[in-house]
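Scroll down for the structure; my scribbles are underneath it.
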Amino acid sequence: MAHIFKHPSEGKGIIVFTHKEIGRAETVASTLREKYFLGIHYGSAANLFTHSQPWQDFCMGAKSTVSFGNTEPFRIPFNSRAFTPEYFAQNKETTKYWDIINVSRNANVKKLHEFLKAIRKLYDQGKMYNVLLVVPSADNEKPNSHFTNIVEVYGELFSEKEREHFTLMRLSKELGFLGISPKTIAHFYNSSKVFCLLSDAEGESRVIHEALLCGLPVVVFAGLLGGGRDYLDESNSVQFTHYNDVYLALEAAVKGSEGHLKVNTERLSEELSELKTVPRLKGMFGDLYSMHSEKFDNELINTDNLNLRLPGHYLNVPWNTPDGNGITADVVSDKQLNIFIENLNL
């Protein structure tokens, strides 16, 4: 989503586009640069290799997410995951009810069929862990790209008695993730011992970092591409190398959560919590302004919900119209671009 961080005052303003908006942005970049610094946020692609745009003043993206084939622009090493809302925090007073939690879309890349198989193997061995799987629905699900019959398979794989331990929360298409508040997800994390995500490629993977900030060790694929493993090590994760061994990784993580696996939430908050990163972001913008002999007054706007705004998942903006892609607030049409420009101080 085209995002406005600052309007011009004594110096330039700041605009950030998503990498999906580059084509639209370049048509107006020369005009916008007269009053704004222009940046690009790279967040939803694993190990993206690209070229810096000639009009690009800075980028927002971790090195694990994006690298450049030409001169690297001024880098702010924060993806949207860096601005995880403050309520994703460890609450040691919350009772741990679930042993394992997985929060995923049902796209095939999330490998939820492998997750069901792993829980089946654990139950076959008498390890009756309490499991919570939260899966939103979407209108664009297709059988060739999504696990559309997950409810049916879940019912076939697990008996009524076993489903007392394994909760599948399938959110409706009308609401998707809007049917459950992020604060409720944070409560679910704090009510669990271990978080699991089975993708083999992610961008920044916000759910991993939400879970870490809530103190949960993480189970992931050791070959996970993208930024999902940036903050993981032997102290706070179990990483499997073969999908046939997911059940072993889950068992090791549940046992380890009560022993050697510890998440340093205080250290991670410096890189992932909005409480710590928004002030740091202001300092980085100050450096950008100084490079261009501009004055920065240390003031930014629209700093709420940055975890959603920067990748285009925050929909309550004037340029999110029916002319868009119907999923995100990315500016993909001329009408949307015109509305966005109308909201600028040009």
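The values are calculated or read from the model by the stated rules, or taken from the named source; none is laboratory data. Quantities reported herein were computed from a predicted structural model and do not represent experimental measurements. Quick reminder, even Gly has a Cβ in these numbers, built from the backbone with ideal geometry, and neighbours come from all protein chains shown.
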Item to check | Hits in region 249-276 - residues which are polar (S, T, N, Q), surrounded by fewer than 20 Cβ atoms within 10 Å (Cβ to Cβ) and assigned to a helix (DSSP H, G or I) | outcome: 265
Item to check | Residues of region 1-60 classified as part of a strand (DSSP E or B), small (Gly, Ala, Ser) and over 30 Å from residue 224 (Cβ atoms), total | outcome: 1
Checklist outcome for this item: With the first residue restricted to region 149-168 and required to be assigned by TED's automatic domain parsing to the domain that holds residue 113, and the second required to be hydrophobic (A, V, I, L, M, F, W, C) and modelled with pLDDT under 95, Cβ contacts under 6 Å at 6 or more apart or on different chains are none
Checklist outcome for this item: Note on residue 229: of the conditions (1) over 24 Å from residue 96 (Cβ atoms); (2) basic (Lys, Arg); (3) at pLDDT 95 or above, unmet is (3)
Checklist entry - In the list 237, 192, 199, 257, which residue meets the criterion of being small (Gly, Ala, Ser), outside the structural domain of residue 313 (by TED's automatic domain parsing) and under 15 Å from the mean Cα position of the chain (by Cα)? => result 199
Next on the checklist: Among the numbered criteria (1) assigned by TED's automatic domain parsing to the domain that holds residue 209; (2) assigned to a helix (DSSP H, G or I), which one does residue 307 miss?
Outcome noted: (1)
Checklist entry - Out of (1) outside the structural domain of residue 18 (by TED's automatic domain parsing); (2) touching a Cys at 6+ places or on another chain (Cβ under 9 Å); (3) surrounded by fewer than 24 Cβ atoms within 10 Å (Cβ to Cβ), what's the single condition that is false for residue 110? => result (2)
Item to check | Test set (1) over 24 Å from residue 311 (Cα atoms); (2) touching a residue at least 60 places away in the same chain (Cβ under 8 Å); (3) not in a helix (DSSP H, G or I) - residue 122 fails condition number | outcome: (3)
Item to check | Residue satisfying all of: in region 69-93; surrounded by fewer than 21 Cβ atoms within 10 Å (Cβ to Cβ) and in contact with a His (Cβ under 6 Å, 6 or more places away or on another chain); farthest from residue 209 (Cα to Cα) among these | outcome: 70
Next on the checklist: I'm trying to understand the selection: among the residues of region 200-222, which are surrounded by fewer than 20 Cβ atoms within 10 Å (Cβ to Cβ) and at pLDDT 95 or above?
Outcome noted: 222
Checklist entry - Somewhere in region 178-189, is a residue touching a Cys at 6+ places or on another chain (Cβ under 7 Å) and at pLDDT 95 or above? => result yes
Checklist entry - What do you reckon, is residue 87 aromatic (Phe, Trp, Tyr), at pLDDT 95 or above, closer than 30 Å to residue 312 by Cα and out of contact with any Leu (no Cβ under 6 Å at 6 or more places or on another chain)? => result yes
Item to check | Residues being surrounded by 22 or more Cβ atoms within 10 Å (Cβ to Cβ) and either among the polar types (S, T, N, Q) or more than 23 Å from the chain's Cα centre (by Cα) (or both) - total across region 11-24 | outcome: 2
